[in-house]
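Participant: Pasting in a structure now, in structure tokens, and then I'll have a few things to ask.
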Amino acid sequence: MVAICSDSSIKGNQPVYSPISLRGTDCKINSQVSLAGLTSFRVGGPAEWYVAPRSIADLQASFAWADTEGMPVTLLGAGSNLLVSDGGLPGLVVATRYLKQVSFNEQTGQVTAGAGESIPRLAWLAAKRGWRGLEWAVGIPGTVGGAVVMNAGAHGGCTAGILVNARLLSPGGKVEILSPQDLGYRYRTSVLQGGDRLVTEATFQLQPGFDRAMSWRKRILISASAGQLNLTTCLAAARYSAIPGRRRRAG
Ligand SMILES: Cc1cc2nc3c(=O)[nH]c(=O)nc-3n(C[C@H](O)[C@H](O)[C@H](O)COP(=O)(O)OP(=O)(O)OC[C@H]3O[C@@H](n4cnc5c(N)ncnc54)[C@H](O)[C@@H]3O)c2cc1C
């Protein structure tokens, strides 16, 4: 779990400004956007500024705006591993929720998905095609980008095990394509955690070909995950209300 607390967090009644339109894009940056509804724990204060780009051009323009304004940037996937302080977050929160394109390559057995695509939804799309390799992800809340950063995993599988590469954009506009080795994977973390390089998309190696056993395997994993979700949520909520600001892992 990544707890986001900051002594310099915005506090109290901050002014709400009119949305800022970024020139040459359809992108709008809004002020004082509540983050409580954008994280799994449904708590936390507002983002000083918030943007949800729909394209790489929007993303670049958003980063450029934050740079010009001298603002810190926080990256937000589905918010399932984030606990935001009641004081909110200073600077610009960049959400990946609209970066969702998915493409399956029948020749290579690889799937490429945008950072904001839901990782369980991707697992279902793959399973529907009879492609194996993502079954473990059906019960993990979060996005492709969050999974790449956190090395999400369950039931013996994890992101590092199937990732071919991840495409990144840094606030300065630099595009990089990194391999799992470059990402320095360890248990539920990578070198990207806590940084400002944004995963824009990721490619995973799956195994095409219909597998009769898959539907059973899927059901087992889903049942197990459903139990885990309820238990984890309750335990995590209890722990966090007792110890605000502590860093813990959710899964
Ligand atoms: C009930 C529950 C059950 C869970 N079970 C599991 C489990 O079984 N296994 C498991 O591994 N995890 C589990 N988790 C944790 C969580 O689902 C994973 O860590 C998930 O990968 C987080 O994805 P996200 O999109 O929600 O990321 P977020 O929570 O939004 O962000 C997590 C971190 O990644 C960064 N980030 C997000 N997107 C990007 C991006 N595109 N580029 C760069 N940085 C980015 C954020 O800044 C933050 O540091 C669980 C969480 C909950 C609430």
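Here, each number is a calculation from the coordinates, and none is a lab measurement. Every value quoted in this text rests on a predicted model; they were computed, and no experiment measured them. So basically every Cβ, Gly included, is an ideal-geometry build from the backbone, and we count neighbours across all protein chains shown.
Participant: Work out, step by step, the length gained on full extension between residue 170 and residue 31: first 0.36 nm times the residue separation, then minus their alpha carbon distance; give nm to one decimal.
Facilitator: 47.8 nm
Participant: Please arrange 201, 176, 135, 106 by counting, for each residue, the other beta carbons lying within 10 Å of its beta carbon, fewest first.
Facilitator: Starting with the residue having the fewest Cβ neighbours, the order is 106, 176, 135, 201.
Participant: How do 33, 144, 199 rank when sorted from fewest to most other Cβ atoms within 10 Å of their own Cβ?
Facilitator: With the sparsest Cβ surroundings first, the list reads 33, 199, 144.
Participant: Stick to the Cα atoms of the range 2-95, pair each with every other, and give me the Kirkwood hydrodynamic radius in Å at one decimal. Display every interim value, and only then the final one.
Facilitator: Details: mean 1/r = 0.0752 Å⁻¹.
For the range 2-95, the Kirkwood estimate is 13.3 Å.
Participant: Calculate how large, on average over all directions, the projected area of the Cα convex hull of the range 102-205 is; give the answer in nm² to one decimal.
Facilitator: Hull-based average projected area comes out at 6.1 nm².
Participant: Exposure proxy check: 63, 204, 41, 104 ranked by fewest other beta carbons within 10 Å? It would help to have the intermediate numbers written out before the result.
Facilitator: On the way: 63 22, 204 26, 41 19, 104 16.
Sorted ascending by nearby Cβ count, the order is 104, 41, 63, 204.
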